[in-house]
Amino acid sequence: MIIRKTFFGDVHRNRRWALFAAYFFLTLFIIFFLFPPFYMLITSLKTNEEISSMKGFPFIIQQGITLSHYKKLLTETPFPTFFKNTVIVTFFSVLVSMAISILAAYALARMRFWGSGVLATGVFLTYLVPETLLFIPLFKVIGGLGLLNSKWSLVLVFPTLAVPFCTWIMIGYFASIPKELDEAAVIDGANWYQMLFQIFIPVAMPGIIAATIFAFTISWANFLYPLAFLYSNEELVLTVGTVSTLIRGDVMHWGGLMAGALLAASPPVILYAFLMDYYISGLTAGAVKN
Amino acid sequence: MNEQAVQGQTARLGSEPKTVDDSSRFKMLFRRKSTLAFLLCVPLLILVFGLIVYPFFYSIFLSLLNKKETRFVGLANYLFLFKRDTFWMVVRQSVLFTFTAVFFKALIGFIMAHLIDYLPENRQRLWRGLALIAWVMPPALSTLGWWWLFEPSYSAINWILDGLFGITIPWLSETFWARFSVITVNIWFGTSFFLIMYLAGLKSVPQDLYEAADIDGANAWQKLIHITLPMMRNIIAITTLFSTIVTFANFDIVRVLTGGGPTNTTHLFGTYSFLKGIQGGDIPLGACVSLFMFPILAVLAFFILRNVRQRVREI
């Protein structure tokens, strides 16, 4: 008995030490991950004098917090226009992407037609096509449509990035709905859109939320397409606007730049804070299931 | 999963006793079903063919034209690139960037997933959430923060190094350090993707395997080698392959941090193609540069697809 007791005591002590070590190393990693956003926040709240002085510890605010960078950003720069454009582009891109993927996923998960298997695989393959491979021909296509320097060009091209993944995970969610449900609905006389809107969409809501977040993030964060297609301040979106317009001062306005970058990045971050679990389950569903 | 064949479904349903009215409604619905299914996929087909497949072939066509796009020049653009040292440097840098970044992302992600998995269940969400912030911020914007950290005259990192060791490093103006910087930022941005995937993978390993190993007296290392890694082989493979594609095709980080400099030494295919095609106005040459990514992407896609198919068969 005594031997058993000490054995378990050791296990407990080991476990406590291991837990301590786990927290210690995790803290080191998290410092690495949170350091840039933290420093951006600190910089955006410092006065210009404090930013440009090399004296003192740079990671704390010593000369008082100022909101002047944010105020200036919202009143004296085209930042509000960028924000409005990003909201418009993201809203319509998400709407278009979700409409296309839900309809297609519904058909591919439940019905068979000539070539449907090939199409499902093809959709997955298009997910692997990166934007850097297609931006040059798309530049010509957008130019041919007369949409260069129009934010609506982005509503056209962003779905190409979102739809393949959204369709792919929606197929998974729809396919996991028991067939008995639609059989019952058909017996009750439901047609295809009643089945879609009253059974499939409500039941697969977690999947739809995950897909929507994905489409939102893709549209909000994309940098290459607006950089290639847009150039005037009235049409620019947040990513490119912040990087190109706010940098082009005579002097580097680091405070304003960091304030802009943080404000522009905050909507996706806030969204994830609330809906992270949906997104992660959607992301890992395809890879982990079974 | 049970079979999806519509015919099977109708046959099974048809055999059940029900009124004549119901079964004829059924047959009508299912007879039209394949037409309907095709119609529901039409928007997807338009998108995929109009804005992915057609541009791809258009890109090949463009790459065969001269700079003004007036004359067909065959493979002249490709041959021109082959003779350029800068192009070969882009190739080497893309490979170096991809392998180094993916290796460290996979390694750090794996270690962090294990550490978080070791914590009590109710603490895991918080730590995972903190680690994810880097991945959630749009990379073009978070790279601005890194740029500020690396900034030559006010660099906060140099401030620390100067205080501790009395040295400063020209982060973005010397080839070695510029390459180091873009890779570091990519690792910073992409590790969380591995972390999420591995964490989900770890949760899917049956606990009784570890309990059995405990009874056999296995140590932590043996459990890792003989249980965790084999059980997670599939997820490690697919996450690594997928991340390799995304890293290889990276654009935002290099574009914002170094713009390809100093003297083109940090360019990847994406940024070099942008420089030549959009900024330089030589659309055919830009298309040509980006098309060089295709063979490598195709090989990676082949392995991913094989992996996904295997899993579908296992279901």
Checklist entry - Mind checking the mean number of beta-carbon atoms from other chains within 10 Å of the Cβ atoms in B:279-289? => result 2
Item to check | Where a label projected 7 Å from the Cα of B:Arg84 along Cα→Cβ would reach, residues of the range B:259-288 with amide N under 13 Å | outcome: B:264-265, B:267-288
Item to check | Derived scalar couplings ³J(HN,Hα) [the range B:288-303; Karplus, 6.51 cos²θ - 1.76 cosθ + 1.60; whole Hz; x for Gly, Pro] | outcome: 4, 4, 5, 5, 5, 6, 4, x, 5, 4, 5, 5, 4, 4, 4, 5
Checklist outcome for this item: GluC sites (Glu not before Pro) in the range A:170-252 lying in a DSSP loop, each with at most 15 other Cβ atoms within 10 Å of its Cβ, come to A:Glu234
Checklist outcome for this item: Label model pair A:Ala184, A:Glu234: point-to-point distance (7 angstrom along the Cα→beta-carbon line) in nm is 5.6
Checklist entry - Stretched out fully, how many nm does the piece from A:Gln63 to A:Ile30 gain, at 0.36 nm a residue minus the Cα gap? => result 9.1 nm
Checklist entry - So what's the back-of-envelope 222 nm ellipticity for the protein assembly as shown, counting only DSSP H runs of four-plus at -39500 (n - 2.57) apiece and dividing by all residues, rounded to 500? => result -23500 deg cm²/dmol
Checklist entry - Taking neighbour counts of Cβ atoms within 10 Å as a proxy for exposure, in what order, fewest first, do A:Ser281, B:Ser173 appear? => result B:Ser173, A:Ser281
Checklist outcome for this item: Counting sequence-distant residues (5 or more places) and residues on other chains, those with an amide H built under 5 Å from that of B:Leu65 are B:Val73
Checklist entry - Taking neighbour counts of Cβ atoms within 10 Å as a proxy for exposure, in what order, fewest first, do A:Tyr173, B:Tyr210 appear? => result B:Tyr210, A:Tyr173
Checklist outcome for this item: One finds, for A:Leu19 and A:Ile199 with R0 = 45 angstrom and r their Cβ-Cβ distance, a FRET efficiency to the nearest 0.05 of 0.45
Next on the checklist: Given a 10 angstrom Cα cut-off, can you work out which residue in B:Asp216, B:Asp282, B:Asp85 is the most mobile in a GNM of chain B?
Outcome noted: B:Asp216
Next on the checklist: Please compute the average number of Cβ atoms from other chains found within 10 Å of each residue's Cβ in peptide B:199-206.
Outcome noted: 3
Checklist entry - What order do you get for A:Met276, A:Met170 when you list them from fewest to most C-beta neighbours inside 10 Å? => result A:Met276, A:Met170
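Taken together, the values in this text are just the output of simple stated rules run on the coordinates, not laboratory data. Worth saying up front: this structure is predicted, and the values here are computed from it rather than measured. A quick note on method: Cβ atoms are made from the backbone with ideal geometry, for glycine too, and the neighbour counts reach across all protein chains shown.
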